[in-house]
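Participant: Sharing a structure here in structure tokens format.
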Amino acid sequence: MEKTLLIPKQIVTANPENEILRNFAVEIDGNVITRIASLSEIDTGNYDGLILHYPSLTLIPGFVQTHIHLCQTLFRGCADDLELLDWLQKKIFPFENAHDENSLRMSAKIGINELITGGTTTILDMGTINHQEIIFEELITSGIRAIAGKCMVDINDLLPEFRESTEDSIRTSYDLAKQFHDKENGRIKYGFAPRFVLSCTEKLLKETALMAEEFVGSIYHTHSSENKSEIEEVRRLHSKENIEYFNHLGILNNWTILAHCVHTSENEIEILKRTDTRIAHCPSSNLKLGSGIANIPRYIKEGIKVSLGADGAPCNNNLSAFTEMRLAALIQKPFHSPTVMNAQNVFRLATIDGAKALNLDNDIGSIEVGKKADLVMLNLESPNLSLSEEDNSIYSNIVYSCTKESVREVIIDGEWNVKSGRSLLYDETELYFEGQQELKNLLKRI
Ligand code: GUN
Ligand code: ZN
């Protein structure tokens, strides 16, 4: 493939110096960023590749979302206004249990389309119990970068038929990891995904951690400490706080990502810090399910790695990195001070810090030479956004004002996924009508 020189209006790099570059170009060759240079250094008249000018667009690294449930996209708006355990028992578990291959495929496609057109280029997805290979097929064809894995459930008091045996869960996860880990030139990786303490035996939690060691670059991904009734039940069953229990099982390390961590004790914060466990913060989900507000400024102060995720569509009800950034900033301010979670830091949570959480920061998360070409271009030239072109106002626009309407171009692994705001892969009218039909079919199976 020919080298391409991108010449945007400005480049928000998310590099260690937080540089914003103007009159600069980014060269991509195949799937890699090969050069970042000032226009005065480049002889564009004699350039031996393609030159693309975007004089009104702002180039940023693609967003990284570290907690997603693609299998739930179909259920958006069908499970509102419930608290976590009711929501799972009455709605989400029966819905997930009713998926067939077709409904799961549509759910994944609709979710991936929304993510990519909203500027998200990497996800950590929790998957579902059955037909996980369908999600992998869609991740592969879509071009998105993903760590994904089958959701593991071997006990289920909320919906007893929505589970599988410990042995089946472990064996299927292992087979899927063998089949999909590090596929597509490393764009697709396996993430082991025991769902949460209340749906997993000790054996499953422990053996999964041992199994994950064989797959270098995989992630151990689960929910933790999300809701008060959930942690009370964990305490009743295991005589420990949620994170203390994980620590006791030896599953916490720098390859573990815990979604939520809303209710944590001092001892648990100490454990997260000591083990270098990562947190996927999901502010919309935490508000909508009434779970609470995670003390993110405290975690960050302690040096715990925090990143952002939309969670599933039925507890959000969007999959937008912009919404999560805005809320992540706003919900902390009344408790701490408006000075915490400033726009630049929150932008980093959604880009380079997401990459760090996934141990992918050598490859993605910022615009630097040698990293993968996972790039997004935003149109910030709108009267609905800040008119100032100061650096602070650029971060302010991205975190506080933008919506996915601002996303114009999306490149993942060097491939164009979105051009002029339109997906090159999906037809949204088709997704709507086919998705609606699959939802109707699924509801008949419950
Ligand atoms: N805990 C266990 N399963 C889930 C889920 O699907 N979503 C959320 N938010 N929390 C969970
Ligand atoms: Zn979740």
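Each value in this text was obtained by applying a stated rule to the coordinates, not by laboratory testing. This structure is a prediction, so every number in the text was calculated from the model and none was measured. Positions of Cβ are generated from backbone atoms using ideal geometry, with glycine treated the same way; all protein chains shown enter the neighbour counts.
Participant: How about region 299-321: which of its residues are out of contact with any Phe, Trp or Tyr (no Cβ under 7 Å at 6 or more places or on another chain), away from ligand 1 (no atom under 16 Å from the Cβ) and within 25 Å of GLY435 (Cβ to Cβ)?
Facilitator: Scanning region 299-321 gives a single hit, SER320.
Participant: Can I ask one more? Can you give me the number of residues within region 311-345 that are within 14 Å of ligand 2 (Cβ to nearest atom) and within 25 Å of THR275 (Cα to Cα)?
Facilitator: 1
Participant: Quick check on my filter: what residues within region 265-298 are assigned to a loop (DSSP other than H, G, I, E, B), within 14 Å of ligand 1 (Cβ to nearest atom), surrounded by 15 or more Cβ atoms within 10 Å (Cβ to Cβ) and of a type outside the set (Ser, Thr, Tyr)?
Facilitator: Once the filter is applied, which keeps residues that are assigned to a loop (DSSP other than H, G, I, E, B), within 14 Å of ligand 1 (Cβ to nearest atom), surrounded by 15 or more Cβ atoms within 10 Å (Cβ to Cβ) and of a type outside the set (Ser, Thr, Tyr), region 265-298 yields CYS282, LEU289, GLY292, ALA294.
Participant: Determine whether region 301-312 contains at least one residue that is in contact (Cβ under 8 Å) with a residue 12 or more places away in the chain and part of a helix (DSSP H, G or I).
Facilitator: no
Participant: Does region 17-31 hold any residues that are touching a residue at least 60 places away in the same chain (Cβ under 8 Å) and under 26 Å from GLN344 (Cβ atoms), and which are they?
Facilitator: Once the filter is applied, which keeps residues that are touching a residue at least 60 places away in the same chain (Cβ under 8 Å) and under 26 Å from GLN344 (Cβ atoms), region 17-31 yields ASN18, ILE20, VAL26, ILE28.
Participant: Please specify each residue of region 349-376 satisfying the condition of being out of contact with any Phe, Trp or Tyr (no Cβ under 8 Å at 6 or more places or on another chain) and more than 23 Å from ILE7 (Cα to Cα).
Facilitator: If the condition is that a residue be out of contact with any Phe, Trp or Tyr (no Cβ under 8 Å at 6 or more places or on another chain) and more than 23 Å from ILE7 (Cα to Cα), then LEU349, ASP353, ALA355, LYS356, ALA357, LEU358, LEU360, ASP361, ASN362 are the ones that fit.
Participant: Looking at GLU19, is it surrounded by fewer than 18 Cβ atoms within 10 Å (Cβ to Cβ), away from ligand 2 (no atom under 16 Å from the Cβ), under 26 Å from the mean Cα position of the chain (by Cα) and under 17 Å from VAL369 (Cβ atoms)?
Facilitator: Yes; evaluated as a whole, the condition is true for this residue.
Per-residue answers, yes or no, for (1) within 16 Å of ligand 2 (Cβ to nearest atom); (2) without any contact (Cβ under 8 Å) to a residue 40 or more places away in the chain; (3) more than 24 Å from GLN89 (Cα to Cα):
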residue: CYS200; (1), (2), (3): yes, no, no
residue: LEU205; (1), (2), (3): no, no, no
residue: VAL216; (1), (2), (3): no, yes, yes
residue: THR222; (1), (2), (3): yes, yes, no
residue: GLU226; (1), (2), (3): yes, no, no
residue: GLU232; (1), (2), (3): no, yes, no
residue: HIS238; (1), (2), (3): no, no, no
